[in-house]
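Student: After the structure tokens below, expect a handful of questions from me.
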């Protein structure tokens, strides 16, 4: 009998405070593989989560088939009609493919719509209802997933990225596929799940240093020794305003007792890190700019504008940093990026060498930031916005910031573009002729993903308080739905950690 595994994907990280909904155009305009054949052809052998799933399934002797893979950039809640469109196609294709041995699903894990707080739970539940109880369902998610009980009741296994910055997309897919195939082979594989009532701003931690690194390394060592089969330690998306939320721990082992015991152990250690995960000192914009003025090292100060990070779901259109740089426009070389299509069109109309005053930013989300006037800007260059990423996670991948222009105001170099989604990569600036290492200050709209490339070339990295949908000061954001008690909004205690459960056997 032909052994068959079905694949599909639906991915978006929601920032609840972004006022702009994610539409079908956000999906079809970013990553959209309309058929299973296209999904397989695009991802086979690639450093993607679906690529890892395909590799393991085919190496294990399974035929792979599938349906659509729809991915949007991080952003505001998804219009639920997009979820309906996706499920209509995927469920139809899945029914046509039956019988299948397993379904492997690529999700973010923290996707909210204008109707549902748990879109990933909706997707997995709908798939489970089609395939029944005997078919294995396994999902791969982001480290920032909000892994809910509904997701765990629908899926046999869920794996998450174990690195931040994210470097292990392919390996996460391989782990999800491996767990599914273990069960198909009759090998004992139990998965325990629990949540810790806490969150932390994404700039506050990394798996390359500190307590989270130590905890991850402990998990890797236990897998290496054969004590457990797999583990994921999730730091829930901090800008998800949902009544069901928490930083989850998921552990797979050969016995229920072992999976539960290790999940409880990891959850207790995750709880003990709650203060550390809030991150290092926060700088004001004035302090960061002054640090750049005082910098005597031949490397730039990085102003981390993570509150406006498109990778965290913000809009990328805040120009507020410019207010603090304008007094130094004639004395300090600095690079700043702003998503502003109107400014791009004005620059194109002026042409290279043209000069004008510009009102920059604040167009996409006027409730989050206001426009900033920059006088006497010269259009230094115009660009189609296409460039190649330096990496390391996606080295060589093609990227597109949309039509772009570089405006020069004194020594300030202002990159206006269609989107700042890859501001984390130095090639974002280099592709338009701005060399970060020749600047005294570089503004980067990212949380932690920029560090792999920027730490070696920076004098100082400043996590800066700026406006945006992904604000670094969580306690001042307008949360209305999160559970209580929930750290850092209220103090919590170890006895409020959920008891580990085995939700599917």
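Every number in this text was worked out from the coordinates using simple rules, so none of it is lab data. All values derive from a computational prediction rather than experimental measurement. Virtual Cβ from ideal backbone geometry, glycine too; neighbours counted across all protein chains shown.
Student: Fewest first, what order do 245, 458, 116 take by the number of other Cβ atoms within 10 Å?
Tutor: Ascending Cβ contact count within 10 Å gives the list 116, 458, 245.
Student: Same structure, new question: Which angle between 0 and 90 degrees, to the nearest 10, do you get for helix 341-350 versus the longest principal axis of the chain when only C-alpha atoms count?
Tutor: Around 40 degrees separate the two axes.
Student: By counting other Cβ atoms within 10 Å of each Cβ, how are 208, 28 ranked from fewest to most?
Tutor: Ranking 208, 28 by Cβ neighbours within 10 Å, fewest first, gives 28, 208.
Student: Here's something else I'd like to know. Hey, could you get me the Stokes-Einstein D for region 285-474, Kirkwood radius over alpha-carbon pairs, 20 °C and 1.002 mPa s, rounded to whole µm² s⁻¹?
Tutor: The estimated diffusion coefficient comes to 134 µm²/s.
Student: Using helices alone, what [θ] at 222 nm do you get for the chain, with -39,500 (n - 2.57) per DSSP H run of 4 or more residues, divided over all residues and rounded to the nearest 500?
Tutor: -8500 deg cm²/dmol
Student: What percent antiparallel are the DSSP beta bridges of region 4-277, to the nearest 5?
Tutor: 40
Student: Answer with a single label: of (1) 0.98; (2) 1.12; (3) 1.03, which was calculated as Rg/Rh (Cα atoms, Kirkwood Rh) from the structure in view?
Tutor: (1)
Student: Region 277-352 to region 1-61: how many Å between their Cα centroids?
Tutor: After rounding, the separation between the Cα centres reads 33 Å.
Student: Suppose each label sits 7 Å from its Cα in the direction of the beta carbon; what would the residue 95-residue 20 distance come out to in nanometres?
Tutor: The answer from the label model is 3.7 nm.
Student: Same structure again: Only Cα pairs under 8 Å and at least 6 apart count here; give the relative contact order of region 183-303 as a rounded whole percent.
Tutor: 35
Student: Counting only DSSP beta bridges with both residues in the chain, what percent are antiparallel, rounded to the nearest 5?
Tutor: 45
Student: Further, regarding this structure: For region 4-277, count all C-alpha to C-alpha pairs, find those more than 27 Å apart, and express that count as a whole percent of the total.
Tutor: The answer is 33 percent, as a whole percent.
Student: Compute the separation of the alpha-carbon centres of region 444-505 and region 377-437 and state it in Å as a whole number.
Tutor: 27
Student: Something else now. I need the per residue convex hull volume for region 377-505, using only the alpha carbons, in cubic angstrom as a whole number.
Tutor: Expressed per residue, the convex hull around the Cα atoms of region 377-505 is 204 Å³.
Student: Once you sort the root eigenvalues of the Cα gyration tensor of region 211-359 as a ≥ b ≥ c, which label holds: rounded (a/c under 1.5), prolate (a/b larger than b/c) or oblate (the other case)?
Tutor: prolate
Student: Tell me the volume per residue, in Å³, of the convex hull enclosing the alpha carbons of region 342-427.
Tutor: 98
Student: Given contacts defined as C-alpha pairs under 8 Å and at least six residues apart, what's the relative contact order of region 285-474, whole-number percent?
Tutor: Relative CO of region 285-474 lands at 37 percent.
Student: Further question: Could you line up 32, 157, 27 from fewest to most neighbouring Cβ atoms inside 10 Å?
Tutor: So the residues, fewest neighbours to most, are 32, 27, 157.
Student: A further question follows. To the nearest 10 degrees, how steep is helix 80-97 against the longest Cα principal axis of the chain, on a 0 to 90 scale?
Tutor: Once rounded, one gets 40 degrees.
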